[in-house]
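The values are calculated or read from the model by the stated rules, or taken from the named source; none is laboratory data. In this text the structure is predicted, and so the values were computed from the model without any measurement. So basically every Cβ, Gly included, is an ideal-geometry build from the backbone, and we count neighbours across all protein chains shown.
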């Protein structure tokens, strides 16, 4: 998403937060465009959950200017609460109630007429594939079903902005992908999602923009591809149909390396469009056309380790 063309759903400038002498957030800035998915990554104790708690008005910041949905965090917290939904690390589902009863209860908490709550419950049960389990006690639900119900409960008030704090932790790969599909559908419908996750693949699959939080500061922000190009190790792979073309290309490029004795060259590159275009122009100048071209970049694991110098995000995040 291009923040220049989309109004800001969340705008943060100079956000600070300390607990005693420990500085958790040290003057961080970021903007989340409407209708996008923004993912915040960071190692244990980096301050991601604290950020979510501040933006969702659960705790106060020590300083900074924050707007959520056009409302000021300090002077208009009720306005923020009226347009957001929060799905935390731990499920808010009441396991003594059925799925339907949990949804109707949320309608009551939003002061909706009972008839309206029942109608919304029916719609959400269908949307989240919970119709067959609608009248079963929630304690009988699988982990994936519980997380789907938890997210459905968040949607009862039709929030414009949703905070998802590690929404797929503990889910099996199939349930995780089901949640990804649901999140994508929400954004396609105009909802803005602020996501923290312990799965780098999840951020790579879902996020329009990613910010990396380390020792209280944002150390990088950009699209997944932009972040990957920050780490050394990117290269352009060129495939050729015969060894003569490969040898000619190697001479023309100068810094190419043959891969595993195949008819393939690897050319160091940042993986950007400009670099690819320049390489093609160099080959065109000597009348060489490769049989195939692909760009290989480090994955988000490499980015995370390079930026934080710590444990991979796959292991754990708070």
>> Just to be sure I understand, how many residues within the stretch 132-144 are modelled with pLDDT under 95 and either assigned to a helix (DSSP H, G or I) or within 17 Å of residue 83 (Cα to Cα) (or both)?
In response: 2
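For residue 103, state whether it is modelled with pLDDT of 95 or more and not in a helix (DSSP H, G or I). Even if it seems obvious, please write down each step before you answer.
Working: modelled with pLDDT of 95 or more: yes; not in a helix (DSSP H, G or I): no.
So residue 103 fails the test.
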> residue 137 versus (1) surrounded by fewer than 16 Cβ atoms within 10 Å (Cβ to Cβ); (2) under 24 Å from residue 172 (Cβ atoms); (3) out of contact with any strand residue (DSSP E or B) (no Cβ under 9 Å at 6 or more places or on another chain): which is the lone unmet condition?
Replying inline: (3)
> Looking only at the stretch 152-167, which residues are over 15 Å from residue 37 (Cα atoms) and either at pLDDT 95 or above or out of contact with any strand residue (DSSP E or B) (no Cβ under 6 Å at 6 or more places or on another chain) (or both)?
Replying inline: 152, 153, 155, 156, 157, 158
>> Among the listed residues 165, 270, 208, identify the single one that is crowded, with 21+ Cβ neighbours inside 10 Å and either free of Cβ contacts under 8 Å to residues at least 60 places away in the same chain or touching a helix residue (DSSP H, G or I) at 6+ places or on another chain (Cβ under 9 Å) (or both).
In response: 165
>> Anything in the stretch 111-121 that is assigned to a helix (DSSP H, G or I), more than 29 Å from the chain's Cα centre (by Cα) and surrounded by 12 or more Cβ atoms within 10 Å (Cβ to Cβ)? List them, or say none.
In response: 116, 117, 118, 119
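Here is a list: 227, 213, 206. Which entry is modelled with pLDDT of 95 or more and closer than 30 Å to residue 45 by Cα?
On the way: 227 fails: modelled with pLDDT of 95 or more; 213 fails: modelled with pLDDT of 95 or more.
The conditions single out 206.
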> If residue 47 satisfies every condition in (1) farther than 15 Å from residue 11 by Cβ; (2) crowded, with 20+ Cβ neighbours inside 10 Å; (3) at pLDDT 95 or above but one, which is the exception?
Replying inline: (3)
